[in-house]
Amino acid sequence: MKRRVLYIEPVVSETVDSWKGYLSQFKGSETDLEVTSLTEGPRHLEYYSYGALVVPKILKIVKKAEKENFDAAIIGCFYDPGLREAREIAEKLVVTAPAEASMHIAVTLGQRFSIIVGRTKWIPLMRENVIKYGFQDHLASFQPIAWGYWTFRWTLKRLKGG
């Protein structure tokens, strides 16, 4: 029996097809992967207020995925926006997100881990998540690399030859 997984890009995005192509190379043959993004709202989550705006939209997508018999949903942002809320409303759907999942894996690989963040301003929210997930004793550091959303987009475009 095939498993159905929904990857949710929690912003408005034109890169849904690119994400599906990228992620498909890591899935097993027994997994059907679908990728979706928001149809309206912010294009990035650079601001706390944008994060608050996307959570209700993520919850609607999660409930719809559950009704459509998906087995799992991935909220595709390292902020893990709406993760706890989505788990709260999901009755049988497994919901995960990259930050919590990465931290769990990191502590199985070593005693401490560092988190690379695009910008220093993102550290407080990341630190809140580290504490919320119970990994504060394993956090070695945050390493900002001075990349915001637009720098990231510009770099991707250049890497693709655009």
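The values are calculated or read from the model by the stated rules, or taken from the named source; none is laboratory data. This is a predicted model, so every value here is computed, not measured. Here the Cβ is made from the backbone with ideal geometry for all residues, glycine too, and neighbour counts use every protein chain on show.
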Starting from the stretch 24-42, keep only residues that are in contact (Cβ under 8 Å) with a residue 40 or more places away in the chain, then list their pairs with residues that are in a strand (DSSP E or B) whose Cβ atoms are within a distance under 9 Å, requiring at least 6 positions of separation or different chains.
none
Has the stretch 100-122 got any residue that is touching a Lys or Arg at 6+ places or on another chain (Cβ under 7 Å) and modelled with pLDDT of 95 or more?
no
Just one listed residue, out of THR39, THR31, is over 26 Å from ILE123 (Cβ atoms) and surrounded by 14 or more Cβ atoms within 10 Å (Cβ to Cβ), and it is THR31
Return the pairs, sorted by first residue and then second, in which the second residue is assigned to a helix (DSSP H, G or I) and crowded, with 17+ Cβ neighbours inside 10 Å, the first residue lies in the stretch 44-62 and is free of Cβ contacts under 8 Å to residues at least 60 places away in the same chain and of a type in the set (Val, Ile, Thr), the beta carbons are less than 7 Å apart, and the residues are 6+ apart or on different chains.
ILE58/ALA86; VAL62/ALA86
